[in-house]
């Protein structure tokens, strides 16, 4: 039986343009507990706080931000070694690279299902190879996953397109989303969900708003259709300073609940 863990990574030192995502994990937890909704996923599975082991938050230590990736990797490795399936709350998207380093040691055959407005596959961004714009370049270089499927992309640069081709990434751009064939998976799946995959109408509380994105309904439907076990996930890039009435925190909580319900249901 799958046992879930919830862990927050209060890290945004590798953000470009605007920091603030480090303050998100407590707000997503608060939204998960909010009595305006309930603890049931659309799959009919209860995913309230008592279904999670809450591992607390890992924060950046001032002056020692360079140590943060190793601390993230160690925290995820510890949870996996206890037989727990972690859902991580970001933080910026740079946290996904050390998370996947931990997963790859225990799940050598892994597919990443990546929701995002951006491919986040720059070789380096503004001189930083650990930028939140680069995690999937590092992941694919190190072969931490066998397959990377990206959904919701709508502003890929020429360099990113070259990287996508180099690494054999399956990129489903928003302009092609409705015509795309249903996704099929033959290995365990890790879900990485950047909230800016959603149109800003649904999730305004992000640093990099990119119109023309997924609806919350479309994203949930993709998650619900995953036909293999989901072994872990992250939900990243909530920027509370940009949020409106806590809307994006509630959307983040909804995405967490639906991923958790799918994880507890197991693969078809």
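The values are calculated or read from the model by the stated rules, or taken from the named source; none is laboratory data. Since this is a predicted model, take the numbers as computed values, not measurements. Every residue, glycine as well, gets a Cβ built from its backbone with ideal geometry; the counts of neighbours run over all protein chains shown.
A few points about this structure:
- Of all residues in the range 207-240 being in a loop (DSSP other than H, G, I, E, B) and touching a strand residue (DSSP E or B) at 6+ places or on another chain (Cβ under 8 Å), the one that is farthest from residue 5 (Cα to Cα): 213
- Of all the residues in the range 45-54, those that are surrounded by fewer than 15 Cβ atoms within 10 Å (Cβ to Cβ) and either assigned to a helix (DSSP H, G or I) or touching a residue at least 60 places away in the same chain (Cβ under 8 Å) (or both) number 2.
- Check on residue 207, in contact (Cβ under 8 Å) with a residue 60 or more places away in the chain, surrounded by fewer than 15 Cβ atoms within 10 Å (Cβ to Cβ) and under 21 Å from residue 94 (Cα atoms): no
- Condition broken by residue 165, with the remaining ones in (1) free of Cβ contacts under 8 Å to residues at least 40 places away in the same chain; (2) over 13 Å from residue 113 (Cβ atoms); (3) surrounded by fewer than 20 Cβ atoms within 10 Å (Cβ to Cβ); (4) touching a helix residue (DSSP H, G or I) at 6+ places or on another chain (Cβ under 9 Å) satisfied: (4)
- Applying the condition of being touching a residue at least 60 places away in the same chain (Cβ under 8 Å) and outside any loop (DSSP other than H, G, I, E, B) to the range 175-194 and asking which residue is surrounded by the fewest Cβ atoms within 10 Å (Cβ to Cβ) yields 191.
- Residue among 263, 247 that alone is crowded, with 21+ Cβ neighbours inside 10 Å and either free of Cβ contacts under 8 Å to residues at least 24 places away in the same chain or out of contact with any helix residue (DSSP H, G or I) (no Cβ under 9 Å at 6 or more places or on another chain) (or both): 263
- Qualifying residue in the range 67-86 (condition: modelled with pLDDT of 95 or more, under 23 Å from residue 244 (Cα atoms), touching a helix residue (DSSP H, G or I) at 6+ places or on another chain (Cβ under 9 Å) and in a helix (DSSP H, G or I)): no
- Flag for residue 89 being touching a residue at least 60 places away in the same chain (Cβ under 8 Å) and surrounded by fewer than 23 Cβ atoms within 10 Å (Cβ to Cβ): no
Okay, residues lined up against (1) surrounded by fewer than 21 Cβ atoms within 10 Å (Cβ to Cβ); (2) assigned to a helix (DSSP H, G or I); (3) at positive phi:
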{"residue": "12", "(1), (2), (3)": "no, no, no"}
{"residue": "18", "(1), (2), (3)": "yes, no, no"}
{"residue": "22", "(1), (2), (3)": "no, yes, no"}
{"residue": "32", "(1), (2), (3)": "no, yes, no"}
{"residue": "42", "(1), (2), (3)": "yes, no, no"}
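- Flag if residue 137 is under 16 Å from the mean Cα position of the chain (by Cα), assigned to a helix (DSSP H, G or I) and without any contact (Cβ under 8 Å) to a residue 40 or more places away in the chain: yes
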